[in-house]
Amino acid sequence: AYLDNGDGTITDLNTGLMWQKDPGDKMTFDEAVAGADSFSLAGYDDWRLPTIKELYSLIQFSGTDPSSDDHTGLVPFIDDDYFVFTYGDATDERVIDSQFASSTTYVGGNDLSGAGQMFGVNFADGRIKGYGYGGNNPNGDKLFYVLYVRGNSSYGINDFVDNNNGTITDNATGLTWMQDDSNVSMDWEDALSYCENLSFADHDDWRLPDAKELQSIVDYSRSPDSTGSATIDPLFSSTQITAENGN
């Protein structure tokens, strides 16, 4: 539910977040972090680089995943009726090179080149991905688009309560979750059926979460590399799986 404020900013009436409308030119991650302190727009100077949860709140799933470097007729995964969006320049980039930076970095450490890793959103193909920055890249630091944000600094911060009946409520979103996962894997159709037919903790209105609901409980302060755990609050129980390398 967007409101164009007519001053270069867009307010999301659902989240209470106010956004920069036009990302302008690309910049490095370090430039994006440093630029927030001096950024001023529409009379406000309290802008910040969004967290990955804030940035992902802008994703919309009516977009078209590019299958070639021709972006004719494509629909981006952000509402370009409100936000200025540009696909990658076909002269020296891929059409999908429209990645946006967040302030959320991977807590598991640097990659083999020494680069840090930042979670960004690609509004050209609709995915979250870890992108390297810094390090020893011979081509220089990767460049990202940036949409600074302000307001509702509590957005994306979980407030979990253990209901002591096998469920966890997040007071930040009002969503109640199963505390344990399904323990067995299943395909998507079976997952839909599993949730719709579930009767648990005196409730029978369970559903398979949508992508934004599910992403809301990712804990980016945890990782297998840094905490030896799934990226979710320890209140939840996660079934271990065997990775492709046998671990």
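Out of the residues in segment 108-140 meeting the condition of being polar (S, T, N, Q) and part of a loop (DSSP other than H, G, I, E, B), tell me which one is most open to solvent (accessible area, probe 1.4 Å).
N139
Here is a list: L147, L143. Which entry is closer than 15 Å to A32 by Cα, under 19 Å from the mean Cα position of the chain (by Cα) and open to solvent by 60 Å² or more (accessible area, probe 1.4 Å)?
Working: L147 fails: open to solvent by 60 Å² or more (accessible area, probe 1.4 Å).
The conditions single out L143.
For (1) over 18 Å from the mean Cα position of the chain (by Cα); (2) modelled with pLDDT of 95 or more; (3) hydroxyl-bearing (S, T, Y), each residue gets a yes or a no:
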position	(1), (2), (3)
Q20	no, yes, no
K26	yes, yes, no
S67	yes, no, yes
F83	no, yes, no
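Residues in segment 38-88 that are of a type in the set (S, T, N, Q), more than 19 Å from Q215 (Cβ to Cβ) and part of a loop (DSSP other than H, G, I, E, B): how many?
Result for segment 38-88: 6.
Return the total of residues in segment 22-37 being part of a loop (DSSP other than H, G, I, E, B), touching a residue at least 12 places away in the same chain (Cβ under 8 Å) and open to solvent by 50 Å² or more (accessible area, probe 1.4 Å).
Qualifying residue count for the region: 1.
In segment 5-21, which residues are surrounded by fewer than 14 Cβ atoms within 10 Å (Cβ to Cβ) and either basic (K, R) or closer than 21 Å to I52 by Cβ (or both)?
N14, G16
From the list S40, S102, pick out the single residue that is at pLDDT 95 or above, in contact with a Pro (Cβ under 6 Å, 6 or more places away or on another chain), hydroxyl-bearing (S, T, Y) and within 14 Å of L147 (Cα to Cα).
When all the criteria are applied, what remains is S102.
Conditions (1) open to solvent by less than 80 Å² (accessible area, probe 1.4 Å); (2) more than 25 Å from D141 (Cα to Cα); (3) in contact with a Ser or Thr (Cβ under 6 Å, 6 or more places away or on another chain), marked per residue:
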position	(1), (2), (3)
L55	yes, no, yes
Q60	yes, yes, no
D69	no, no, no
L74	yes, yes, yes
D79	yes, yes, no
F83	yes, yes, no
Y87	yes, no, yes
A90	yes, no, no
E93	yes, no, no
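The values are calculated or read from the model by the stated rules, or taken from the named source; none is laboratory data. This is a predicted model, so every value here is computed, not measured. Reconstructed Cβ throughout: ideal geometry from the backbone, glycine too, with neighbour counts over all protein chains shown. Keep in mind that these areas ignore ligands, DNA and RNA; they rest on the heavy atoms of the full protein, side chains included. Shrake-Rupley method; radii C 1.70, N 1.55, O 1.52, S 1.80 Å.
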